[in-house]
Structure formats: C-alpha cells, structure tokens
1. Specify which residue in the list Ala132, Val13, Gly77 is farthest towards the positive end of the charge dipole of the chain, using unit charges on the beta carbon of Lys, Arg (+1) and Asp, Glu (-1), about the Cα centre.
2. Between Pro127, Pro101, Pro93, which gets the highest mean-square fluctuation from a Gaussian network model of the chain, Cα cutoff 10 Å?
3. At 222 nm, what helix-only mean residue ellipticity would the chain give, in deg cm²/dmol to the nearest 500, using -39500 (n - 2.57) for each DSSP H run of four or more?
4. Given H placed 1.01 Å from N in the peptide plane, which residues other than close sequence neighbours of Leu23 have an amide H under 5 Å from its amide H?
5. How much of the DSSP beta bridge set in the chain is antiparallel, as a percent to the nearest 5?
6. Can you work out the Karplus-derived ³J(HN,Hα) for every residue in region 114-126? Use 6.51 cos²θ - 1.76 cosθ + 1.60 with θ = phi - 60°, whole Hz, and x for glycine or proline.
7. Leaving ligands, DNA and RNA out of it, report the carbon-plus-sulfur percent of the accessible area of the chain at a 1.4 Å probe.
8. Binned at 5 Å from 0, what are the whole-percent values of the Cα-Cα distance distribution for region 93-138, short to long?
Amino acid sequence: SDAPSVSPRVGFVPQQDVLPPMLTVHEALLFAARLRLPEGVPDSEKHARVDDIMDRLGIAHLRDVRIGDGEKRGISGGEMRRVSIRLELVSKPDVLILDEPTSGLDSVSASKVAKVLHALAHDPDNPTAVIASIHQPR
C-alpha cells in the first residue's frame with residue numbers, strides 16, 4: 001500500500017518520579033495534557049481526558065491531594081509512580097516504555113503498578129504496547 005507511514009507515539013516513564021510537589025494530582029495531569037496535546041485540542045477535551053484517565057486507572061480519589069515530597073507529605077511512593085505513568089498516558093502513546101517501574105516500592109505498591117500496566121496492555125478498546133525493565137521482582 002502507498003499509505004504514508006506514521007511514527008508511533010512513544011511515552012517514557014523514568015525510574016525516578018519527577019513530579020511537581022506543590023501541585024495536586026489533577027493539576028499535574030492537566031498541566032501535562034496542556035503541555036503535550038496539540039493546541040487544536042479544546043481545553044474541555046483535555047479536562048475530559050484527564051478525568052477519564054483518573055477514573056479508568058483508579059486514582060480519582062487522589063484528585064485534590066498534593067503530590068508532596070520528602071519534606072511535605074503527600075501521596076505515597078506507589079501512588080506517585082502510578083501518577084508518573086498516567087502523565088505519559090495523557091498523550092495517548094502507542095508504546096509506553098518504563099525503566100524499572102517497581103523500583104523502590106514495597107510488594108503491595110509494586111503489584112498495583114503491575115496491575116495498571118497489565119490493564120493498559122489488555123485494554124479491550126485501546127491497548128497500549130508496554131515495554132518495561134524489571135530487576136529481580138519479588
């Protein structure tokens with residue numbers, strides 16, 4: 001076929017969470033949506049996409065919680081990792097690459113992260129290819 005080739009959109013989640021501690025989870029996701037989605041996408045659609053991601057992946061209850069950091073308590077390490085993953089999902093990548101997504105997490109948090117990645121890869125409507133490096137999972 002003579003169809004033009006389209007480069008896949010790739011999302012990358014680094015090993016260390018780099019999140020703005022002063023923002024709430026919703027503010028951080030909305031900021032990512034506004035930064036990464038084309039200007040032609042209306043703001044109402046960006047809001048809707050953020051709400052959809054929060055609902056579908058089970059963090060709606062964290063909507064107005066500040067991310068926080070070592071000095072100011074906020075969300076947990078496992079929640080932080082799941083927010084980092086969702087920041088990449090805002091732009092609807094075709095492929096999501098993660099560097100040790102369970103690193104530094106306890107077994108319960110690591111299991112939740114693994115469940116999120118499994119759900120992404122097996123989404124019946126819009127599956128995402130997931131590539132992750134994991135060292136010695138427990």
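The values are calculated or read from the model by the stated rules, or taken from the named source; none is laboratory data. Please read these numbers as outputs of a predicted model, since none were measured by experiment. Neighbour counts are summed over all protein chains in view; Cβ atoms, including those assigned to glycine, are modelled from backbone coordinates with ideal geometry. The area values use the complete protein model at the heavy-atom level, side chains included, leaving out ligands, DNA and RNA. Shrake-Rupley method; radii C 1.70, N 1.55, O 1.52, S 1.80 Å.
1. Sorting the options by dipole projection puts first Gly77.
2. Pro127
3. -12500 deg cm²/dmol
4. Amide H neighbours of Leu23: Ile67, Gly68.
5. 10
6. 4, 5, 4, 5, 4, 4, 4, 5, 10, 4, x, 8, 8
7. 53
8. 5, 22, 30, 23, 13, 6, 1
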